[in-house]
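The values are calculated or read from the model by the stated rules, or taken from the named source; none is laboratory data. Keep in mind that what you see is a predicted model, and the values were worked out from it rather than measured. Note that we place each Cβ from the backbone using ideal geometry, even for glycine, and neighbour counts take in every protein chain shown.
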Amino acid sequence: MEENLKRTPLFEMHLKHGARMVPFGGWEMPVQYTGVIEEHKAVREQAGLFDVSHMGEFEVKGPQALDLIQLVSVNNASKLAVGQIQYSLMCYENGTVVDDILVYRLGENHYWLVVNAGNIDKDWDWITYCKERAGLTNLELTNISHEIGQVAIQGPLAAKILQPLVPNVVLDELKFYWAKTGVSVAGIRVPVLSRTGYTGEDGFEIYCKQEDAVAIWEALLEAGEDDGLVPAGLGARDTLRFEAKLPLYGHEINDLVTPLEAGLGFAVKLKKGTDFIGRAALEAQKANGLEKKLVGFEMIDRGIPRQGYEIAKDGTVVGSVTTGTMSPTLGKNIGLGYVPVALSELGTEFDVIIRGKAVKAKVVETPFYQPRYYR
Amino acid sequence: MANVPAGLRYSKEHEWIKVEGNVGTIGITDFAQHQLGDVVFVELPPVGRVLKAHEQFGVVESVKTVSDLYTPVAGKVVAVNEALEGAPETVNTSAYEDGWIVKIELSNPGDLDALLDAAAYEAHIKED
């Protein structure tokens, strides 16, 4: 294992459950316990438990908290009610992606930004730079990533399993992309409980103090034993999010593509009323039309597409694959990739270059798996 | 612990070979299939292809990874396990039997001398 990898508070739990540990975004994380396909299917059919303590959290508080978020985030955070959550992205001036984030509105002038583990330092530098450049002083910005652990329970049985552990919350009343603060889980007070996730299933994310992560993890596993709850690793997390076409930084999004090209235009609010970083570039791109676009495709001939493989049409390279695998739910070899807009229509055929051979694929509808959220 | 049957020869790249007459049956070891995880794709060479020792002849893919297959011995491919095209997971469930990958007619039986026996391979995977 590489040196200097960080460990989450659940590291010992992963070893106890026989996980295979791998480096991910600077962290030593469980890629699988019993097997990716088995864990994937458990989440689709019952429930899985994920350690996502590596994710980063920035707290933004004070009278100018919203001003800072509106400046760095492409979505419109002024629409958020207290307790509501929003998917968004941070962009550079040229419209390419710094990171994708969740914006939690936890109080009147109180927000959390949840960022990708591998981007915590970069995002922190970016936000503090933007804050200073804009002269926003009437707010408190704190990186609380090292204090917060996070456990995600995902799957159709997640609510059933979690409910007895949160007797003071009626989970039926907590809808998708809403959060509660000051809740106790298994008798342990946690900062935030939200109905969110990264699997395309119903589920919850429990943000806890680092020192409470083990107790919460064990309480959930015990509560879910009879319902088939199993620990699930990053391998299953990746195949689950991929089937639901949830983007992953470093794959579908990075500092070379814009949210519009990535099919995330729904989160870009050009007319939100305040200027934001990247707005002018994104407005121009929208006006001029896109050159490339993220599409989902299915292999027609035998072969598995993988990140970085070239996409070709009539012998000319026209794009590349961002994620690909054998889909455990569909049993098909599928991928996501960037292609010229002219090749993005459903049914369009192109080749994926696999080990030097052109292997036929066609554009299909996405998401590959229709998410089942509780709205 | 990984299963390492006696009587087979092993490469450091985690292939096994079982020789009968002048034909060697080749697959990947139990250790290798466990490291890979769920096998979802196997790319087989054409029958008749002539391979040098240690030449890459195919690919085995799990959900997460792509791994090259190398022949431990020189020779001609005389059979491939076509059943793996429809049921690649057999490599996981039966690494040394139904999960065999190719059969090669040895052109230089001396190649076998360079391979590990079960005890040496077991020691090798402990170092890994």
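Odds and ends about this structure:
- Here the strands (runs of 3 or more DSSP E) wholly within the range B:1-118 that include at least 1 residues being within 13 Å of chain A (Cβ to nearest Cβ) and either more than 27 Å from A:R355 (Cα to Cα) or at pLDDT 95 or above (or both) are B:39-43, B:56-62, B:66-70.
- Qualifying residue in the range A:19-29 (condition: aliphatic (A, V, I, L, M), in the same structural domain as A:A267 (by TED's automatic domain parsing) and part of a loop (DSSP other than H, G, I, E, B)): yes
- Reported count of residues in the range B:87-128, each being aliphatic (A, V, I, L, M), within 26 Å of B:G37 (Cβ to Cβ) and in contact (Cβ under 8 Å) with a residue 40 or more places away in the chain, is 9.
- Residue in the range A:243-251 that is in a loop (DSSP other than H, G, I, E, B), in contact with a helix residue (DSSP H, G or I) (Cβ under 8 Å, 6 or more places away or on another chain) and within 14 Å of another protein chain (Cβ to nearest Cβ) present: yes
- The condition of being of a type outside the set (G, A, S), within 14 Å of chain B (Cβ to nearest Cβ), closer than 19 Å to A:P247 by Cα and assigned to a loop (DSSP other than H, G, I, E, B) holds for only one of A:T329, A:T366, A:T323, that being A:T329.
- Note on the range A:335-363: residues that are within 14 Å of another protein chain (Cβ to nearest Cβ) and without any contact (Cβ under 8 Å) to a residue 40 or more places away in the chain amount to 3.
- Highlighted here are the helices (runs of 4 or more DSSP H) found entirely within the range A:112-227 that include at least 2 residues which are under 30 Å from A:I277 (Cα atoms) and touching a helix residue (DSSP H, G or I) at 6+ places or on another chain (Cβ under 7 Å): A:120-133.
- Residue match in the range A:77-86 (condition: without any contact (Cβ under 8 Å) to a residue 24 or more places away in the chain and either of a type in the set (D, E) or assigned by TED's automatic domain parsing to the domain that holds A:T196 (or both)): yes
- Qualifying residue in the range A:124-144 (condition: touching a strand residue (DSSP E or B) at 6+ places or on another chain (Cβ under 6 Å), buried (at least 23 other Cβ atoms within 10 Å of the Cβ) and under 30 Å from A:G224 (Cβ atoms)): no
- The one condition in (1) in a strand (DSSP E or B); (2) within 18 Å of the chain's Cα centre (by Cα); (3) farther than 22 Å from A:V257 by Cβ that A:D99 fails to fulfil: (3)
- Selection within the range A:73-96 - under 18 Å from A:A262 (Cβ atoms) and hydrophobic (A, V, I, L, M, F, W, C): A:V74, A:L89, A:M90, A:C91
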